[in-house]
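Participant: The structure's right below; bear with me while I get my questions together.
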Amino acid sequence: MNTPATENSNWTTRLKKNTLRLGYWTTAWVITLAIAAFGPKFAWDYATLPSILALLVNLAAGLGWIHANKLNLRDLDDLQQKIQLEATALSLSVGVVAGLSYELLEDIHLISFQPEISHLVVLMSLAYAIGVFTGNRRYR
């Protein structure tokens, strides 16, 4: 018969395993993104086949990261799932609203430079981090 201590130990072990898995997939995705971004210029002189392969490997690593994130979220307790859901909703909402407005600034000639996706990624990351921080403080 499982005791609460055993169940808690199993949950803690799964959480550690999922966190490590998520960390490995995140690292793989970042490395393959760097290879896909910088490889054409510095390694294979913009050859088409290696560029396509690098992009496909990056997409595969991204899918692995998405799956690892799903497994990690599934095993969180209800409160942590709620915090993650709220932080993700904030990040998505900020990304859509700010991203469309940012693009519109260039379209209506209020800025003279091309909007960069990296600016939006940074903004969404900050919104997510703020959402996690405030959620953890709110439900402390």
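Participant: List the relative contact order of the chain as a percent without decimals, with contacts defined as Cα pairs under 8 Å and 6+ residues apart.
Facilitator: Relative contact order of the chain: 23 percent.
Participant: Among T134, T6, rank each residue by its count of other Cβ atoms within 10 Å, from fewest to most, as a rough exposure measure. Intermediate results must be reported in sequence, preceding the final value.
Facilitator: On the way: T134 14, T6 10.
Fewest-to-most Cβ neighbours within 10 Å comes out as T6, T134.
Participant: Under a 10 Å cutoff between Cα atoms, tell me which one of G62, G23, G39 has the largest fluctuation in the Gaussian network model of the chain.
Facilitator: G39
Participant: Also, quick follow-up: Please give, to one decimal in nm, the separation of the simple spin-label points placed at V96 and T19, each 7 Å out from Cα toward the Cβ.
Facilitator: 3.2
Participant: Between F38 and T26, what is the label-point separation in nm under the 7 Å Cα-to-beta-carbon projection?
Facilitator: Output for this residue pair reads 2.0 nm.
Participant: Along the positive direction of the dipole of the chain (beta-carbon charges: Lys, Arg +1; Asp, Glu -1; about the Cα centre), which of A36, L105, W25 reaches farthest?
Facilitator: Going by the charge dipole, the pick is W25.
Participant: If you don't mind, another one. Just checking my list (1) 19.6, 69; (2) 14.9, 44; (3) 14.2, 39 against Rg and Dmax of the Cα atoms in Å computed from this structure; which label fits?
Facilitator: Correct label is (1).
Participant: Let me ask another. In deg cm²/dmol and to the nearest 500, what is the mean residue ellipticity at 222 nm of the chain if only DSSP H runs of at least 4 residues count, each as -39500 (n - 2.57), divided by the residue total?
Facilitator: Details: 4 runs with 118 residues, N = 140.
Mean residue ellipticity, 222 nm, calculated: -30500 deg cm²/dmol.
Participant: Something else: Would you mind ranking W29, W44 by Cβ crowding within 10 Å, fewest neighbours first?
Facilitator: Working: W29 21, W44 14.
Starting with the residue having the fewest Cβ neighbours, the order is W44, W29.
Participant: Order of S101, S93 from fewest to most other C-beta atoms within 10 Å? Display every interim value, and only then the final one.
Facilitator: On the way: S101 10, S93 13.
Placing the least packed residue first, the sequence is S101, S93.
Participant: Just subtract the alpha-carbon distance of L110 and Y139 from 0.36 nm times their residue separation and send over the number in nm, one decimal.
Facilitator: That pair, L110 and Y139, stretches by 6.3 nm at full extension.
Participant: Continuing with this model, one more query. Within the range 45-106, list the chymotrypsin sites (Phe, Trp or Tyr not before Pro) lying in a DSSP loop whose Cβ has at most 14 other Cβ atoms in a 10 Å radius.
Facilitator: Y46
Participant: What FRET efficiency comes out for the pair V122/Y46, r = Cβ-Cβ distance, R0 = 22 Å, nearest 0.05?
Facilitator: 0.20
Bear in mind that the values in this text are calculations on the coordinates, not laboratory data. This structure is a prediction, so every number in the text was calculated from the model and none was measured. Cβ sites come from the backbone with ideal geometry, for glycine too, and all protein chains shown count toward neighbours.
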